[in-house]
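Heads up, the thing below is written out as structure tokens.
The values are calculated or read from the model by the stated rules, or taken from the named source; none is laboratory data. Remember, it's a predicted structure, so these values are computed and weren't measured experimentally. Don't worry about glycine lacking a Cβ; one is built from the backbone with ideal geometry, like all the others, and counts go over all protein chains shown.
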Amino acid sequence: MSYQKKNLPSKIYLIGFILFLIGGGLSALAFSVDLKRAYMNYIVMYMFVVSVAVGSLGVVAIEYMSGAIWSTPFRRVSEFLAGIIFILIILVIPILFGIQDIFKWSHSEIVMKDEIIKSKSAYLNKDFFIIRSLACIVIWIFFYLLLFRNSKKQDTTKDVKYTLNNNKISVIFAPFGIVTLTIAAIDFMMSLEPHWYSTIYGVYYFAGSLIAGFTSLALTSILLLENGYLDSRMSKRHYHSLGTLIFGLNIFWAYIAFSQFLLIWYADIPEETFWLIPRLQGGWGIISLLLLFVHFIIPFLILLPSTAKTNLKTLKIMSVWLLFAHWLDLFWLVMPNYSKDSVPLNWIELAFPVTAVGLILIVFKFIADRNNLIPVGDPKLENGINLSLYPDLSID
Amino acid sequence: MIKKLKQIFDKADKDLGLDNRSEKLYGIAALFDTPDDIISAAADVQFEGYEKYDVHTPYPVHGMDDAMKLKPTRLGFFTFFFGAIGTLSALLMIWYMVGFDYKNIIGGKPFFNIPPSMPITFELTVLFAAIATISLMLILFNKLPKVNHPLIDTEYMKRVSSDRFGIVIQQSDPKFNKDEIVNLFKKLGSSDISYINYFEKDESNTKAPIISIKFILGNFVLFIGVSIITYLTLNYLLFITPFDWMNKQPRLMPQSSSTFFKDGRGMRNPVEGTVAKNFIPYEYQGMPDSLVKNMANPLPVNDSVINTGKSKFNIYCSPCHGYFAKGDSRLRGQFPNPPSLHTEKVRKWQDENIYHVITNGQNSMPSYTKQITKDERWAIIHYIRVLQRAQNANDTDIETK
């Protein structure tokens, strides 16, 4: 098949840089206004960018692992979004320098007095924290480079070998990806309250990350398709599958969130409930209720009929909606550490999302300019576009 | 035995008229080898303008709806509707059971609560939705049960339910033309084309299959089989190692012996001086009532206390002391009559003395600690005071206008 590469409009750079400069400037200002608050917002932003990036890498890996054909025509979109992993190594630096300001367990005088934190200090100490954070990013970059390099090479050689290699790499990546995401969730968010623990916390963040990965894929690929950057032969059936996955993962998220809530609520023991109680009272109680409706009930009802999953406009709106819900979810997890009684909300809370969106746009445009928007050499591509059930090619 | 059963079944088949085919044509059937072939065949038949045709495949082939230009099924609405009914009835059931009919304190939580009801609600939603979907699909949409559809017992049906994909164009189609259709199927690459006739017996003459002997006998055998298996499982299988792992656990049953302690008993006595929860020992147990002092009635005098006292008095005290505490027993001499409670002595008694008698017992009267709680005893005392006052009213008690 013939493919003419079209570059994305340079407008994206412009918007990206404007958002990044405005948001970044305000964020920098926020650090001088209220250090703790700025850091908490920064962690929300960092975890959001991680979930979009690593979630997208997970989407790519899932395609290879399951041998999916329908998602091949827009796999590149996920691969570009996963490229955000590179800027994580820069984004993590402020957190590493601010450990003393963010985490209670980093103060030795608190650790000395506190038996619980003391017993956890073998894991929660500065050196090991820095090693873990960097190791996670290195593992993500390593697997991203392996997968993306093979995928790019295939564009010219059209060799099945690369698909088979990527299948194996994805299978190896799966356990690493899950464990590193769990470590990231525990380190950056759960350890903000070092007395508290929940064994399902990692799965909770993992579910949110996959939603972020799939919704950012749906949003970006629909925008690209509508503006003619992807193969126009792609049908609603592709988006039906994508919408079903988003729908299913959203239920999975609700299931995990409810499991965590129910166990804490039922057992009702003080070492677990002290985390939940501030989140169910006052302003945070409204946010909790909002989270239930915004993240689960409303998307569930909207995405339930199959006509909604094949309607690109609905899917686009719901993608933006769910990305917002994911941000709200992270906000709800992190921000009560800054103020337990009321929900902090002013320009500081808006500056960080704007920065994140700007950054993602810039990185996406940067990578998209240097690569084909469709994996033209992938042997699954033609079947993927036509969505034939019995491809001639047999890939084990 | 088996021969006889087979005869019965054959006869049942004969009764249904499933042995002979008539001359009347039902339709023309064609078999195809791959799902791609059947999709293109269905699309072509649709394109040629045939209306009365159907496709049969051994498993769901995606894209068939588009090829046949089928309208989306409305079954989903039923699923949603019955799912919602499941949700509501689950919540109603749980509310009725734990919040209304049989209130039980569990972990100090409110009786009816949303979070713990959620798993059950979820299960019932899925159950209702699934059962409604399957049964409505079979009855409403597939119009089953139907034993005399012309396609039954044909070579065509045998193949499309195992390894081939088939399409049938019915004779009732307005564009029906034998040669055209056979040519079309040949052009599409069909591997096998066959003519399918109606059964000899007319559809309307056929007995309802529900009351056919085959169906009833089959259900009866199934019922017996399930009953036997359930009986054997519950009464024998669960007592055979290793399935008895729930039954035999490494723990001591109450009152059983153990070699762990020297005295060979499995149960231990509580530590000396242990007091049961919510139980405060009575200080003056076994002492004469003249020693009792400094115990005021802790309960206020109000309607609910007096009512409690009245009901407890009528239950526990009145059999001997009488409803008005006059010592008029209802026991007809089976037990010595107690003295009246309106005597000077009892009227002058402090509350603590009456409390002492109820708690400790006096003469023939036993202790009522087991039957009447502390608060109820104090409530009874208030009620006794009411009775005494009623019998010996002061002048000031009489209301004058």
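Where helices (runs of 4 or more DSSP H) sit wholly within the stretch B:333-401, those with at least 3 residues that are at pLDDT 85 or above occupy B:351-360, B:374-391. When the residues of the stretch A:69-87 are filtered to those that are surrounded by fewer than 24 Cβ atoms within 10 Å (Cβ to Cβ) and in contact with a Leu (Cβ under 6 Å, 6 or more places away or on another chain), the one that is nearest to residue A:369 (Cα to Cα) is A:72.
In summary, residue B:154 fulfils each of the numbered conditions (1) more than 30 Å from residue B:24 (Cα to Cα); (2) away from chain A (no Cβ under 14 Å) with the single exception of condition (1). Residue A:269 meets each of the listed conditions (1) within 30 Å of residue A:76 (Cα to Cα); (2) exposed (fewer than 15 other Cβ atoms within 10 Å of the Cβ) apart from (1). The helices (runs of 4 or more DSSP H) found wholly in the stretch A:218-315 and carrying at least 1 residues that are away from chain B (no Cβ under 11 Å) and of a type in the set (Ser, Thr, Tyr) occupy A:236-267, A:270-276, A:282-291. In this structure, residue A:341 does not qualify as more than 14 Å from chain B (Cβ to nearest Cβ), in contact (Cβ under 8 Å) with a residue 60 or more places away in the chain, touching a His at 6+ places or on another chain (Cβ under 7 Å) and not hydrophobic (A, V, I, L, M, F, W, C).
If you filter the stretch B:27-52 down to residues that are more than 14 Å from chain A (Cβ to nearest Cβ) and among the aromatic types (Phe, Trp, Tyr), you find that the one that is nearest to residue A:386 (Cα to Cα) is B:47. May I ask you to verify whether residue A:286 is at pLDDT 90 or above, in contact with a Phe, Trp or Tyr (Cβ under 7 Å, 6 or more places away or on another chain) and of a type in the set (A, V, I, L, M)? Considered against the rule, which asks whether it is at pLDDT 90 or above, in contact with a Phe, Trp or Tyr (Cβ under 7 Å, 6 or more places away or on another chain) and of a type in the set (A, V, I, L, M), residue A:286 comes out as no. Residue A:351 fulfils the conditions (1) surrounded by 19 or more Cβ atoms within 10 Å (Cβ to Cβ); (2) over 25 Å from residue A:7 (Cβ atoms); (3) more than 22 Å from the chain's Cα centre (by Cα) except for a single criterion, (3). For residues that are touching a residue at least 24 places away in the same chain (Cβ under 8 Å) and within 14 Å of chain A (Cβ to nearest Cβ), tally how many sit in the stretch B:53-80. So the count comes out to 11.
Working only within the stretch A:1-57, note down all residues that are small (Gly, Ala, Ser) and closer than 30 Å to residue A:339 by Cα. Correct list: A:23, A:24, A:25, A:27, A:28, A:30, A:32, A:38, A:51, A:53, A:55.
Every residue, every condition in (1) more than 23 Å from residue A:302 (Cα to Cα); (2) modelled with pLDDT of 95 or more; (3) in contact with a Cys (Cβ under 9 Å, 6 or more places away or on another chain), yes or no:
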site	(1), (2), (3)
A:216	no, yes, no
A:234	yes, no, no
A:244	no, no, no
A:247	no, yes, no
A:267	yes, no, no
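Close Cβ contacts (under 9 Å, 6 or more residues apart or on different chains) running from residues in the stretch B:218-241 that are outside any helix (DSSP H, G or I) to residues that are surrounded by fewer than 11 Cβ atoms within 10 Å (Cβ to Cβ) comprise B:241/B:248. Pairing each residue of the stretch B:269-281 that is hydrophobic (A, V, I, L, M, F, W, C) with any residue that is assigned to a loop (DSSP other than H, G, I, E, B), provided the two are 6+ apart or on different chains, yields C-beta distances under 8 Å for B:275/B:281. Of all residues assigned to the stretch A:150-164, none qualifies as being surrounded by fewer than 14 Cβ atoms within 10 Å (Cβ to Cβ) and of a type in the set (Asp, Glu). All of (1) more than 25 Å from the chain's Cα centre (by Cα); (2) away from chain B (no Cβ under 14 Å); (3) part of a helix (DSSP H, G or I) hold for residue A:322 with one exception: (1). All of B:124, B:92 fail the test of being within 14 Å of the chain's Cα centre (by Cα) and either within 14 Å of chain A (Cβ to nearest Cβ) or over 24 Å from residue A:257 (Cβ atoms) (or both), apart from B:92. Looking at A:319, A:306 in this structure, which one is over 21 Å from residue A:278 (Cβ atoms) and surrounded by fewer than 18 Cβ atoms within 10 Å (Cβ to Cβ)? Just a single option satisfies the conditions, and that option is A:306. Could you check, for the stretch A:96-118, whether at least one of its residues is under 26 Å from residue A:372 (Cβ atoms), acidic (Asp, Glu) and buried (at least 17 other Cβ atoms within 10 Å of the Cβ)? Within the stretch A:96-118, none of the residues are under 26 Å from residue A:372 (Cβ atoms), acidic (Asp, Glu) and buried (at least 17 other Cβ atoms within 10 Å of the Cβ). Considering only the stretch A:8-31, state which residues are closer than 30 Å to residue A:378 by Cα and surrounded by 12 or more Cβ atoms within 10 Å (Cβ to Cβ). Those that are closer than 30 Å to residue A:378 by Cα and surrounded by 12 or more Cβ atoms within 10 Å (Cβ to Cβ): A:8, A:9, A:12, A:13.
The rows are residues; the columns are (1) outside the structural domain of residue B:200 (by TED's automatic domain parsing); (2) among the polar types (S, T, N, Q); (3) modelled with pLDDT of 85 or more.
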| site | (1), (2), (3) |
| --- | --- |
| B:8 | yes, no, no |
| B:32 | no, no, yes |
| B:41 | no, no, yes |
| B:46 | no, yes, yes |
| B:58 | no, no, yes |
